[in-house]
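The values are calculated or read from the model by the stated rules, or taken from the named source; none is laboratory data. Values in this document were obtained by computation on a predicted structure and should not be read as measured data. FYI the Cβ positions are ideal-geometry reconstructions off the backbone, even for glycines, and counts take in every protein chain you see.
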Amino acid sequence: MGCESCTDGSCQSEEKGGLPPGMLQRYRLGVDRSDGFLVWIETERDAEGNIRVCDHVKELLGKIRQMDGGRSRVWGVIFGHLELKPLYPELYAHGVDTLYEVHDRVLSTFHPEAYADNLAQIIVRTEPAVVLFGATPRGRELAPRVAARLDAGLTADCTELALSDRDLLMTRPAFGGNVMATIRCTSFPQMATVRPGVFPVPEPFREGKGTVIYWQSTCRILKDIISSEIKRDSGEDITKARILISLGAGVKRESISVAESLARKLGGTVSCSRKLVEKGWFNQSRQVGQSGKTVAPDLYLAFGISGAVQHLAGIGLAGRVIAINRDANAGISEVADEIVVGDANAILRELERSL
Ligand code: FAD
């Protein structure tokens, strides 16, 4: 029995209307054609309710350009409606060549199943070699769904990317953060989620012109979102701070108010190690490190922090690191530009008073 489209009897498809044998595998050999990068363009609303492109999207676009030198095509996929239009020039100026807009008012709200269906269809059509997502809560929810639909590999929570020909080398913490593993995926597309804040946010590098393709979603949406609310931390965003006063288990609880006063005087922000989150002294949004946030201040003052690998994973982009520790050989001394040996609480008090 052959399929309907083959009339010369050569087709040996088992299934009426199915693909001739070997055809699917041949499509998969699109591996050879896979080229370029596709990025999910995540958006967010600012305090006034205006939609904006998340910073990590620009970080990813900047990294692609740095790795590839602008040789390959870059696709962006964005979901929503008319309100997205003002974002186009900024995306083109950061490196998107072709923007797929999944044009549907309902999809202005995050629907992971429908987003994944549409992304998978667009990926099959565009055949990128690399697909990138931010390792944000939504990116972490979406990327595995897309990977499952495409039967593709996915490296989650990367902190570094590199290219070797068309191979993407994806680095992420492994074994509880005790080693950094570099992973290569043996199939295409190569997919990764990347932590926000691990690459710098680049300036736009070209004029904001490109192509937009409006994509009609055909996916059924099986649920209604009645209301959605963005949970914002009342504190400052440690990923944006230029100066961080970071506190670890070596400080006493009463030193927190001193650190906050010092931060105000220096125009900085207070962050912490995981131990202080575990003690309940700080909200998790203040935690620096592998399971916290990646920070990139010009100055990182680490008071009573030992410098466990999981903590250091979050400060690789910091400019100057000064550690204040009573142990001159604490692990943090290996990455610190300077180590001040002494009691962190007393030094905090003295510094705050002297300014
Ligand atoms: P400690 O390791 O207890 O160090 C305290 C330091 O203070 C010591 O160096 C000590 O010499 C010094 N000290 C003590 N008293 C004084 C004093 N009076 N004056 C000056 N110095 C003093 N940790 C993170 O921070 N961020 C993460 O994202 C993170 N993720 C993790 C993920 C996993 C999967 C795992 C397993 C662990 C993770 N951790 C993380 C925990 C990490 O391994 C360490 O336990 C933690 O970073 C230690 O915090 P600390 O440096 O504040 O405390």
Residues to consider are THR126, THR182, THR193; find the one that is in contact with a helix residue (DSSP H, G or I) (Cβ under 7 Å, 6 or more places away or on another chain), at pLDDT 95 or above and among the hydroxyl-bearing types (Ser, Thr, Tyr). THR193
Could you tell me whether any residue of the range 248-262 is within 15 Å of ARG349 (Cβ to Cβ), out of contact with any helix residue (DSSP H, G or I) (no Cβ under 8 Å at 6 or more places or on another chain) and basic (Lys, Arg)? yes
Could you check, for the range 310-318, whether at least one of its residues is modelled with pLDDT under 95, assigned to a loop (DSSP other than H, G, I, E, B) and near the ligand (Cβ under 9 Å from one of its atoms)? yes
For the range 265-280, give me the residue count where each residue is within 11 Å of the ligand (Cβ to nearest atom) and in contact with a strand residue (DSSP E or B) (Cβ under 9 Å, 6 or more places away or on another chain). 6
Under 7 Å by Cβ, and 6 or more places apart or on different chains, what pairs join a residue from the range 271-296 that is surrounded by fewer than 18 Cβ atoms within 10 Å (Cβ to Cβ) with one that is of a type in the set (Val, Ile, Thr)? TRP281/ILE256; GLN284/VAL277
Provide a single number: the residues in the range 117-153 that are outside any helix (DSSP H, G or I) and more than 15 Å from ARG195 (Cα to Cα). 7
From the set of residues in the range 157-178 that are within 14 Å of the ligand (Cβ to nearest atom) and in a strand (DSSP E or B), which is nearest to the chain's Cα centre (by Cα)? ASP157
Restricted to the range 179-199, and to residues that are in a loop (DSSP other than H, G, I, E, B) and touching a Lys or Arg at 6+ places or on another chain (Cβ under 9 Å), which residue is surrounded by the fewest Cβ atoms within 10 Å (Cβ to Cβ)? SER187
Of all residues in the range 281-301, how many are assigned to a loop (DSSP other than H, G, I, E, B) and within 12 Å of the ligand (Cβ to nearest atom)? 8
Looking at (1) surrounded by 17 or more Cβ atoms within 10 Å (Cβ to Cβ); (2) modelled with pLDDT under 95; (3) in contact with a helix residue (DSSP H, G or I) (Cβ under 8 Å, 6 or more places away or on another chain), can you tell me which one GLY176 breaks? (1)
Could you list, in sequence order, the residues of the range 303-332 that are farther than 20 Å from ILE243 by Cα and in contact with a Lys or Arg (Cβ under 9 Å, 6 or more places away or on another chain)? ALA308, GLN310
How many residues, within the range 333-355, are in contact with a Gly (Cβ under 8 Å, 6 or more places away or on another chain), farther than 23 Å from LYS240 by Cβ and either hydrophobic (A, V, I, L, M, F, W, C) or loosely packed, with under 14 Cβ neighbours inside 10 Å (or both)? 2
